[in-house]
Amino acid sequence: MEHTEFTIEGRNAVIEAFRAGRTIDKLFLLDGCQDGPILTIKREALKHGSLIKYVSRERLDQMSETGKHQGVVAYAAAYQYAEVEDILRNAEEKGEAPFLFLLDNIEDPHNLGAIIRTANLAGAHGVIIPKNRAVGLTATVAKASAGALNYTPVAKVTNLGQTIEELKKKGLWFVCADMGGTQMYQLDLKGPIGLVIGSEGDGVGRLVKEKCDFVAAIPMRGDIDSLNASVAAGVLAYEIVRQRLQ
């Protein structure tokens, strides 16, 4: 299991993890269980914004390393999350126009790690991921980022579309990657910018795409129709870097 060293099982262990300030990405609770300790855990999870999933005993047994889960399994993040404000402050301290990556529904931890690595090398000030339907900062993501997670802050938000709206008020504008867009070389990608990348299967969600100012297409010359999400992020990020260097 990819989460092994960050899996916490058992009621007391999970309550202690919350109270010690560990970031719990996902909490799996036995469906229908409503006793005192479970309600305490649920309250802590809601207070800390953790994602709660109700699952069967069979599912918990499969996830459990110890066989002593007591109806509770939690996945702790391998790294602390930043706030969106921290990312903007990062840009300000460097005296640069903000450059952010926003990732919509990236579920593959290797892809997320590779994108964080690219974000770091391209000089982006941080990465924003959604709370739901996306992978968090697991141990696999940390490994795939090749150390970039130590330098590039990652913030987790409840609603990506709303976050885009709030950042627009602060002067950022947004470009998303989509095959139906304008060829990226024809777009002006300078200034404070957010690059929005979607998952390989679904691309950028409709509601998020509607909030973007530009839709950029990467020219394709081959026989298949799409790039891996992390490669697409790299190609577009470096067009932004090229324009920022001019």
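The values are calculated or read from the model by the stated rules, or taken from the named source; none is laboratory data. Because the structure is predicted, anything quoted here is derived from the model rather than measured. Positions of Cβ are backbone-derived with ideal geometry, glycine not excepted, and every protein chain shown enters the neighbour counts. Just the protein is used for accessible areas: all its heavy atoms, side chains included, with ligands, DNA and RNA removed. Shrake-Rupley method; radii C 1.70, N 1.55, O 1.52, S 1.80 Å.
Results, tabulated for the structure shown:
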| item | result |
| --- | --- |
| Unmet criterion (only one of (1) touching a strand residue (DSSP E or B) at 6+ places or on another chain (Cβ under 6 Å); (2) outside any helix (DSSP H, G or I); (3) of a type outside the set (D, E, K, R); (4) under 15 Å from residue 101 (Cα atoms)) for residue 191 | (1) |
| Where residue 168 falls short, out of the listed (1) farther than 25 Å from residue 246 by Cβ; (2) open to solvent by 40 Å² or more (accessible area, probe 1.4 Å) | (1) |
| Complete set of residues in the stretch 41-86 that are over 12 Å from residue 31 (Cα atoms) and small (Gly, Ala, Ser) | 45, 49, 50, 64, 67, 74, 76, 77, 78, 82 |
| Near pairs, Cβ below 9 angstrom, 6+ apart or cross-chain, from the stretch 28-48 (farther than 12 Å from residue 14 by Cα) to any residue that is in a strand (DSSP E or B) and open to solvent by less than 30 Å² (accessible area, probe 1.4 Å) | 30/55; 30/72; 31/55; 33/72; 48/24 |
| Members of the stretch 142-176 found to be modelled with pLDDT under 90 and in contact with a strand residue (DSSP E or B) (Cβ under 6 Å, 6 or more places away or on another chain), listed by number | none |
| Residue match in the stretch 199-222 (condition: hydroxyl-bearing (Ser, Thr, Tyr) and either over 18 Å from residue 107 (Cα atoms) or exposed (fewer than 14 other Cβ atoms within 10 Å of the Cβ) (or both)) | no |
| Search result, residues across the stretch 146-165 that are farther than 30 Å from residue 222 by Cβ and open to solvent by 40 Å² or more (accessible area, probe 1.4 Å) | 150, 151, 156, 158, 159, 162, 165 |
| Every residue from the stretch 115-141 that is modelled with pLDDT under 90, open to solvent by 20 Å² or more (accessible area, probe 1.4 Å) and within 20 Å of residue 231 (Cα to Cα) | 140 |
| Residues (hydrophobic (A, V, I, L, M, F, W, C) and either touching a Ser or Thr at 6+ places or on another chain (Cβ under 8 Å) or within 20 Å of residue 139 (Cα to Cα) (or both)) located in the stretch 73-100 | 73, 74, 76, 77, 78, 82, 84 |
| Index of the failed condition, residue 103 passing every other in (1) touching a helix residue (DSSP H, G or I) at 6+ places or on another chain (Cβ under 6 Å); (2) assigned to a strand (DSSP E or B) | (1) |
